[in-house]
Each structure stands twice: as structure tokens, then as C-alpha cells.
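Below you'll find the structure, written out as C-alpha cells, and then a few comments.
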Amino acid sequence: MKPSPPYEDHLQVEQDLQKYAVLAGWDKSKLHWLKAEKREGLIRAKVYAARNATGDVLVFLDSHVEVNVGWIEPLLNAIQEDPRRIVQPVIDLIKSDNFQYTQVMISKGGFDVSLRFQWEYFDWTYFNTEENNLKVFETPSLTGSNFAVQKKFFHEIGEFDLGMDIWGSENIEVSLRLWLCANGVFIAPCSHVGHVFRTYRPYKTRSDVDTLIHNAARTAKVWLDEKYLKYFFDYNGRAAKVDAGDLTERFELRNRLKCKPLEWFIENVYPTFKPPRDEL
């Protein structure tokens with residue numbers, strides 16, 4: 001049997017992208033190709049790219065995202081109005097089996113006490129006010145796949161947690177950090193991108209640990225208070241047995257940024273972030 005090509009050769013797309021750039025008429029002088037020395041996973045790869053970027057604003061887009069017409073201007077405008085926040089576009093649906101593009105209901109991002117992401121929908125009377133269809137609105141959490149942020153601020157606020165692996169919970173961690181330590185997380189309703197919601201992961205994760213639980217445990221231990229940390233472990237028992245790694249740097253970051261307590265976030269941003277009624 002013919003052996004599989006090495007990982008770094010098997011998944012290279014640079015040559016294909018360079019060919020497409022010519023066909024699309026892109027200015028090749030503005031394209032820069034970066035490659036880590038080893039597989040870093042989505043979280044550390046984004047930080048690697050951010051540290052090498054030279055523009056004033058960073059825009060993170062996952063590989064399975066297609067931007068729509070006029071998508072970037074609302075994001076840049078919102079960052080210009082307040083550079084101490086992160087702004088996300090509306091995430092429309094691209095079906096994975098036929099790539100059909102479907103506009104979704106505008107909604108916020110949230111999460112439950114086990115730190116699993118979930119959509120939060122508006123009371124539609126909100127959109128009866130005309131300006132609400134245009135202005136950015138608060139969201140408790142990012143989805144993580146697409147957002148814009150001022151580069152200088154992104155580094156000052158602590159980037160992503162480099163102790164996390166592959167992907168998972170980094171969006172919730174950075175969202176809590178932005179609300180507790182800066183000016184928050186917002187969605188620009190006039191910016192739309194399409195996202196292919198895949199039915200399975202086309203890549204491997206670590207074999208020795210569930211990276212989703214590992215990342216969630218790191219987020220919980222740094223940003224949840226004692227009461228909600230207990231709820232987190234009650235609803236995610238496996239996380240209690242996971243070694244979350246060294247959290248010293250993240251606690252030092254929280255102290256340096258003089259972050260507000262979790263209760264402020266619950267009272268002012270996400271009052272529905274409560275444990276089930278029978279736990280109150």
C-alpha cells in the first residue's frame with residue numbers, strides 16, 4: 001500500500017490559492033503566506049497569524065466561511081467607533097451538502113452553565129424600532145468563527161488562551177474577558193457572512209484528552225466565580241477530572257486588566273445565565 005503523504009504536504013493549499021488569486025485578479029503584493037513549524041490547532045494558529053499581521057484591524061475568518069457583499073464596512077465602522085470591543089457579523093447558513101446559502105434569523109450568541117454555546121433569539125418587537133435593524137447590538141458570546149478587532153487592543157487584552165488546544169470554548173473565554181475587562185462583544189446586523197456548518201470534524205484531535213472539555217475547564221476555572229464553577233462541574237462531571245494546565249498567566253492577566261466580577265456580567269449583560277430552576 002502506498003504510504004500517505006506527510007501531513008504538511010498532504011494538506012497544503014497555498015499553490016491552489018495562488019492560482020485562484022491570479023484568476024480572481026487579487027493584488028498578490030497584499031497576500032502573505034504563513035506556516036507554523038508544526039500543527040498548532042485553530043486557537044494558537046490565530047494568535048500566530050495575529051502576531052505576524054501588519055494591519056490596524058484583524059479579521060478572523062474560518063476556512064469554511066464565505067463573505068457576503070458589503071460585509072467588512074460595518075465591522076470596521078464599529079471598531080472605529082469603539083476600538084475596545086470585538087465585533088462579529090451575522091452568521092448565515094451554507095448547507096454542507098449543496099452549498100446553498102440561506103439567510104438566518106438575527107440572533108445573539110450565548111452559553112449554558114456547562115459553557116456550551118447556544119443561540120439566543122430576540123423578541124421581534126426589538127426590530128420594530130427602525131434603527132435597531134442597523135446598529136450593532138450586544139451579544140453575551142461570539143461564535144468564534146468570525147470577528148473583527150483592533151490589532152493593538154487584541155494583544156493588550158490577552159489574545160487567545162495559548163493553553164487551550166485545537167478549538168472549543170475559546171469564543172466563550174474571550175467573550176467573558178471582553179465583557180469583564182473591556183467594552184464587550186457586539187454583532188453588526190448589516191454585516192453578513194456565510195458559514196458551512198459541517199456534520200463532522202474533518203481532522204483529528206488529541207488522543208489523550210478531550211480538548212473541548214479541557215478548554216472549557218480552563219475557561220471555567222479562570223472566569224467563573226465559586227458558585228458558578230460548582231454548577232459547571234455539576235453539569236460537566238468529566239471536566240473535574242481534567243488537568244486544565246498552568247493557569248498562572250491567565251490569572252495574572254485578569255488581575256492586570258482589573259476585570260469586573262462575574263456577577264456584573266450576569267446582572268448587566270446576560271441575566272438569563274442561570275442554573276436550572278431546581279438548582280436555585
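The values are calculated or read from the model by the stated rules, or taken from the named source; none is laboratory data. Note that this is a predicted model, so its numbers are computed, not measured. Methodologically, a virtual Cβ is constructed for each residue, glycine included, from the backbone with ideal geometry; neighbour enumeration extends over all protein chains shown.
Worth a mention:
- Residues of region 238-249 satisfying the condition of being surrounded by 10 or more Cβ atoms within 10 Å (Cβ to Cβ) and either of a type outside the set (Asp, Glu) or farther than 18 Å from GLY163 by Cβ (or both): ARG238, ALA239, ALA240, VAL242, ALA244, GLY245, LEU247
- There is no residue in region 231-247 that is at pLDDT 95 or above and under 18 Å from the mean Cα position of the chain (by Cα).
- Tally, over region 117-135, of residues that are without any contact (Cβ under 8 Å) to a residue 40 or more places away in the chain and either over 21 Å from GLY70 (Cβ atoms) or of a type in the set (Phe, Trp, Tyr) (or both): 11
- Screening GLU73, GLU131, GLU66 for residues that are assigned to a strand (DSSP E or B) and over 23 Å from CYS259 (Cβ atoms) leaves exactly one candidate, GLU66.
- Pairs linking a residue in region 53-75 that is touching a residue at least 40 places away in the same chain (Cβ under 8 Å) to a residue that is of a type outside the set (Phe, Trp, Tyr) and in a loop (DSSP other than H, G, I, E, B), with Cβ atoms under 7 Å and 6 or more positions apart or on different chains, are ASP62/SER145; HIS64/ARG198; VAL65/SER145.
- Count of region 90-128 residues which are surrounded by 15 or more Cβ atoms within 10 Å (Cβ to Cβ), hydrophobic (A, V, I, L, M, F, W, C) and in a loop (DSSP other than H, G, I, E, B): 3
- Screening the candidates SER63, SER29 for the property of being loosely packed, with under 11 Cβ neighbours inside 10 Å, more than 30 Å from TYR235 (Cβ to Cβ) and within 18 Å of the chain's Cα centre (by Cα) yields one hit, SER63.
- Region 78-93 residues that are modelled with pLDDT of 95 or more, paired with ones that are in a helix (DSSP H, G or I) (beta carbon under 7 Å, 6 or more apart): PRO83/PHE153; ARG84/PHE153; ARG85/LEU178; ILE86/LEU178; VAL87/LEU75; VAL87/ALA78; VAL87/ILE79; PRO89/LEU75
- Filtering region 26-45 for residues that are under 25 Å from ASN183 (Cβ atoms) and of a type in the set (Ser, Thr, Tyr) leaves an empty set.
- Within region 185-230, the residues that satisfy the criterion of being at pLDDT 90 or above, in contact with a Lys or Arg (Cβ under 9 Å, 6 or more places away or on another chain) and of a type in the set (Phe, Trp, Tyr) are PHE186, TRP223.
- When region 116-167 is filtered for residues that are in contact with a Leu (Cβ under 8 Å, 6 or more places away or on another chain) and of a type in the set (D, E, K, R), only LYS151 remains.
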